[in-house]
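These notes are about the structure you will find just below.
What follows draws every value from the coordinates through simple rules; no lab data is involved. On a predicted model such as this, the values are computed, not experimentally measured, just so you know. All Cβ positions, even for glycine, are placed from backbone atoms using ideal geometry, and neighbour counts span all protein chains on display.
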Amino acid sequence: MAGRAIAAAALALALVACAEAPMPGGPIALCSAQSGLTLRAAKAQMAGMDGPVAATAEESRQINACLVGAGAPALQREVTVSVPTPEREGASVLSEGAGYYGSSLVEVTIAPADAAPASYVKPAAGKLPLPESYPLLPGDAELWATLTREQQERALLFLQDGSTIRASLRSD
């Protein structure tokens, strides 16, 4: 119970601190982390992707709602900001820091919440529609159209597990 109170106080202080002394991304970094965008961007960066990771429509909606809830204005235009990634796994108290990789910065692009959704594209006969409900990387829509139905089904399983379409194309 006391842990929750401490966490709530720390979060409140973090929001105040972000508003007064901007860090990379400021309150956007906190809201990006809460939406899951920061973790997805960190995974994309570790997979070798260069350039900003675009937020999905749902992530943009969550980030803008978080900003408004924290007393900041919602985004009025698309922005690209650097946000700190979560610390990478590998270290434990008993390992004396062995395997610790720390945090880094990754660029994310966030659109205003009221951005118009992309128009529906009918898939070719015998193929699956683009799974837009999952976080996609730039170029995934074009790649998806080139996959066979079997590859699309495998990629969908990978997306459901939090991985990427490109990872599904690698041999086991």
Modelled FRET efficiency - R0 25 Å, VAL79 with ARG154, Cβ distances, 0.05 increments
0.15
Let me have the relative contact order for region 118-172, percent, based on Cα pairs under 8 Å that are six or more residues apart.
30
Rounded to the nearest 0.05, what FRET efficiency do LEU105 and GLU58 have when you use their Cβ-Cβ distance and R0 = 30 Å?
0.80
Once amide hydrogens are built 1.01 Å from N within the peptide plane, the residues lying 5 or more places from SER104 or on another chain with amide H under 5 Å from its amide H are THR85
How much length is gained if the chain between ALA124 and LEU169 is pulled fully straight, taking 0.36 nm per residue apart and subtracting their Cα-Cα distance, in nm to one decimal?
14.2 nm
Residues THR38, THR146 in order from fewest to most other beta-carbon atoms within 10 Å are THR146, THR38
Cα centroid of region 34-56 to Cα centroid of region 61-79, whole Å
19
